Each structure stands twice: as C-alpha cells, then as structure tokens.
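The values are calculated or read from the model by the stated rules, or taken from the named source; none is laboratory data. The shown structure was predicted, so the numbers you read here are calculated from the model rather than taken from an experiment. In this analysis, Cβ positions are derived from the backbone assuming ideal geometry, glycine residues included, and neighbour counts consider all displayed protein chains. Keep in mind that these areas ignore ligands, DNA and RNA; they rest on the heavy atoms of the full protein, side chains included. Shrake-Rupley method; radii C 1.70, N 1.55, O 1.52, S 1.80 Å.
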Amino acid sequence: QAQLVESGGGLVQAGDSLRLSCAASGGTVSSRTMGWFRQAPGKEREFVAGVRGGSRDYSDSVKGRFTISRDNAKNTVYLQMNSLKPEDTAVYLCAAGSGVLSSIRRSEMYYYWGQGTQVIVSS
C-alpha cells in the first residue's frame, strides 16, 4: 500500500518560486500515474499537473509556469512552481494511481492521497 508525504509548501510573494515534493513509500512512482491537485478554501479540488509514463499534462491555469517531474531513484515526484500568483494559494495534494490510469485529470481515478502541503502566495 503506497503512502505519500508532501513537503515544500510555504508563504511566498507573487512572482516567487516553490518546489513541492511528494515522497512515496510502499510502491514505485515509476509504475503509476502520479498527479498534483489543489484545493483552495471554499472551492472544489482541481487538477494541477500529472505524469503518466513519458506524458505530462497541466491545467491551463498553470501551464508554462509549473513543471511536474519524478525521480525514480528517490521514488519522489516534484512540482516546480514558478511565477506564483495569489490565485495559486491552496493546499496542494499529491496523488497516485493504483497503476497506470486512463485519465490523468480525474481525481476520482486516483487511489492514494497525501495529506497536503499549504501554499500561500501574497500579493
């Protein structure tokens, strides 16, 4: 059973960068679809970025600013976030599929979730 632990969140100013990490145990990230989602207060959880094999997908709101990557040796997935905006403020959650998923963007497809890490971007 996979366990996911996020880290790297914090309070930053608009235009700054952060790198979130998602360390996995009990399973390998290389064999699963991995995703990052976020949830802001009063809003629904939304897809941010995902990786499936050699393919990467991003929401329109972060495309060009965020990059998802994974280090198979460290069994860790990263989310590099550049040019942060106040609207990026949310709890960011890492998710893993039980294997390779048919959809990267649908949160209900993911089986394992981390506890989340808070990102606050001040203007």
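Here's the picture: a label point sits 7 Å out from the Cα of Glu44 along the beta-carbon direction, and within the stretch 103-117 the residues with their amide nitrogen under 17 Å of it are 104-110. Across the chain, C-alpha contacts under 8 Å between residues 6 or more apart give a mean separation that, scaled by the residue count, equals a relative contact order of 36 percent.
With r as the distance between the Cβ atoms of Gln80 and Ala14 and R0 = 22 Å, compute the FRET efficiency 1/(1 + (r/R0)^6) and round to 0.05.
On the way: r = 17 Å, r/R0 = 0.76.
So, using R0 = 22 Å, E works out to roughly 0.85.
The order of the peptides 114-121, 74-81 by mean Cβ neighbours within 10 Å, most packed first, is 74-81, 114-121. Based on C-alpha pairs under 8 angstrom that are at least 6 apart in sequence, the stretch 1-47 has a relative contact order of 33 percent. For the chain, the share of DSSP beta bridges that are antiparallel, to the nearest 5, is 90%.
Rolling a 1.4 Å probe over the protein heavy atoms gives the stretch 1-55 an accessible area of 50 Å² per residue. Summing +1 for each Lys or Arg and -1 for each Asp or Glu, what net charge is found among the other residues whose Cβ lies under 11 Å from the Cβ of Trp113? The answer is 0.
To put it simply, the accessible area of the chain at a 1.4 Å probe is 45 percent carbon and sulfur. Cross-link reach is defined here as a Cα-Cα straight distance under 16 Å, omitting same-chain residues fewer than 8 places apart; for Lys85 the lysines meeting it are Lys63. Judged by the gyration tensor of its Cα atoms, with axes a ≥ b ≥ c, the chain is prolate; a/c meets the 1.5 cut and a/b is the larger of a/b and b/c.
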